[in-house]
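The values are calculated or read from the model by the stated rules, or taken from the named source; none is laboratory data. Model, not experiment: these values are computed from the prediction. Using ideal geometry, Cβ is built from the backbone for each residue, glycine included, and neighbour counts are taken over all protein chains shown. Heavy atoms of the whole protein, side chains included, go into the accessibility calculation; ligands, DNA and RNA do not. Shrake-Rupley method; radii C 1.70, N 1.55, O 1.52, S 1.80 Å.
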Amino acid sequence: MKTQVELGARVRELMPTVRGDLETLVRIPSISHPGHDPRELRRSAEATATILGAAGCETRLLEIEGAPPAVLGRIPAPAGAPTVLLYAHHDVQPTGARTLWHSDPFEPIEKDGRLYGRGSSDDKCGVVIHAGAIRAHDGHPPVGVTVFVEGEEEWGSPNLGKFLARYGDQLKADAVVLADSGNWRTGQPGITISLRGIVACDIEVRTLDHAVHSGEFGGPVPDALTVLAKTLASLHDEKGNVAVKGIATGTADPLDLTEEELRKQTGLRPSVRLIGDGGITDRMWMRPSISVLGIDAPKLTESTNQLVPSAKARVSMRIPPGQDHEAAMQALIDHLRSHVPWGAEVKVEPRGAGRPYRVKTEGKAYDALRAAFKEAFPKPAVEMGQGGSIPFVFDFAKAFPNAALLLTGASDPFSNAHSEDESVDLGDLERSVLAEALFLQNLAG
Ligand code: BES
Ligand code: MN
């Protein structure tokens, strides 16, 4: 076993390697959304296996028909020691418009202490944190380690249940570290205590068999885009609260987050007011939210003086812990159907749902994590909710009912996950590697 000081020095020394590993992964455009080259997901799985192998794991790719490969890395437990399962995902979100990025999304660059590139924070840093923590122990951590890195989290982990069913025996652990969450602030760690769930659906409205002249028939005859806009507008009340009936709400610790800080984190324009009732953290973590993610309708450049016959939108609702996801989906669908004006035809198609989750943060593993954070970070850890969703946490809890689940990650509110210019703070990356190395040490006792 190493002392805390020795581990700190070792991690410092390892950072060029850890960063190199992250750069290697970021260079691979492993986008799991359909329509992107699946060979890139195989390449990122292979690169992940190489990194874990170099860190000291015995590695192999896990295959399920039709799913991107997952990666398994193993180091057997020393006699009498517990085993920890370390989770991350090697797939990433699409880039969106490349013109919005200040640099190539798949060519990592450093600026002001942060490393930029798609997946730098969500979630390729998770992979290199695990590898780095193992390297800090020279490939011989004082506990058994199983690393499991999946390749379809950003597409909702549709095959995770199958992976757990087929390979579950090899994944058994006393504690599970899911490095797919994030920190409270740059330099200030977060212990994630809750996650919101998510339900999404597509709505299509139709008013006409075909487009007609907007001047000739506009007036008595409604266009579908106006119908869609009115339907979508019904999803919030005047104050911006979610208007779908019957969705659970709760309260969260307000912590020390001010409106001013939230505005900075999100780039909210000065004239725009925050919406909804309740504290800011209530609204982000313990109340539902609804967003319209996209609309299929004529582009301005293709639009002409016609009444648009049909239009489509994708609607996503986040739901707090305590809310059943299936009931939430039904409530959203019912709301949409019943708010379409003027008798327009409507089709609503569910697009997937994920459960919310409330984490139990007691026990030996959490003591080990808290002590590790205390040592590795300059500021105290904050028990925080997350507004994002990690639906598979529920699957892990079901598969390993006796294991503690710990949600960590090096991302922070400035990481721009899913957006352009995604980044990770390199200081937090180092602190996260150290924290995980210390956690493994602490858990061994
Ligand atoms: N890492 C995120 C979840 C997350 C977001 C945790 C923000 C903490 C803060 C994860 O990769 C993710 O984006 N999940 C999706 C789930 C969806 C694809 C079912 C999400 O929340 O949109
Ligand atoms: Mn993620």
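Side notes on the structure shown:
- Of the residues making up region 186-201, those that are over 16 Å from K360 (Cβ atoms), open to solvent by less than 10 Å² (accessible area, probe 1.4 Å) and within 16 Å of ligand 2 (Cβ to nearest atom) are G190, G197.
- Where a residue in region 402-426 is on the phi > 0 side of the Ramachandran plot and its partner, wherever it lies, is open to solvent by less than 10 Å² (accessible area, probe 1.4 Å) and outside any loop (DSSP other than H, G, I, E, B), with Cβ under 6 Å and at least six apart: G409/A179; G409/G182
- Residue satisfying all of: in region 390-410; open to solvent by 20 Å² or more (accessible area, probe 1.4 Å) and within 17 Å of the chain's Cα centre (by Cα); nearest to ligand 2 (Cβ to nearest atom) among these: P391
- Filter result for D223 (away from ligand 2 (no atom under 16 Å from the Cβ), over 23 Å from the mean Cα position of the chain (by Cα), surrounded by 18 or more Cβ atoms within 10 Å (Cβ to Cβ) and in the same structural domain as A410 (by TED's automatic domain parsing)): no
- For region 268-317, the set of residues classified as assigned to a loop (DSSP other than H, G, I, E, B), closer than 26 Å to A331 by Cβ and of a type in the set (V, I, T) consists of I275 only.
- Restricting A67, A88 to those that are in contact with a strand residue (DSSP E or B) (Cβ under 9 Å, 6 or more places away or on another chain) and part of a loop (DSSP other than H, G, I, E, B) reduces the list to A67.
- Residue within region 436-445 that is more than 14 Å from ligand 1 (Cβ to nearest atom), under 21 Å from the mean Cα position of the chain (by Cα) and open to solvent by less than 20 Å² (accessible area, probe 1.4 Å) present: yes
- Among residues of region 298-315, those that are crowded, with 16+ Cβ neighbours inside 10 Å and touching a helix residue (DSSP H, G or I) at 6+ places or on another chain (Cβ under 9 Å), counted: 9
- Residue that is surrounded by the fewest Cβ atoms within 10 Å (Cβ to Cβ) [pool: residues in region 51-64 that are without any contact (Cβ under 8 Å) to a residue 24 or more places away in the chain and under 24 Å from the mean Cα position of the chain (by Cα)]: E63
Table: residues versus (1) at pLDDT 95 or above; (2) hydrophobic (A, V, I, L, M, F, W, C); (3) within 16 Å of ligand 1 (Cβ to nearest atom).
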{"residue": "M329", "(1), (2), (3)": "yes, yes, yes"}
{"residue": "L332", "(1), (2), (3)": "yes, yes, yes"}
{"residue": "K347", "(1), (2), (3)": "yes, no, no"}
{"residue": "A371", "(1), (2), (3)": "yes, yes, no"}
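- Residue among E154, E216, E204, E238 that is open to solvent by 10 Å² or more (accessible area, probe 1.4 Å), part of a strand (DSSP E or B) and either more than 16 Å from ligand 1 (Cβ to nearest atom) or closer than 30 Å to G56 by Cβ (or both): E204
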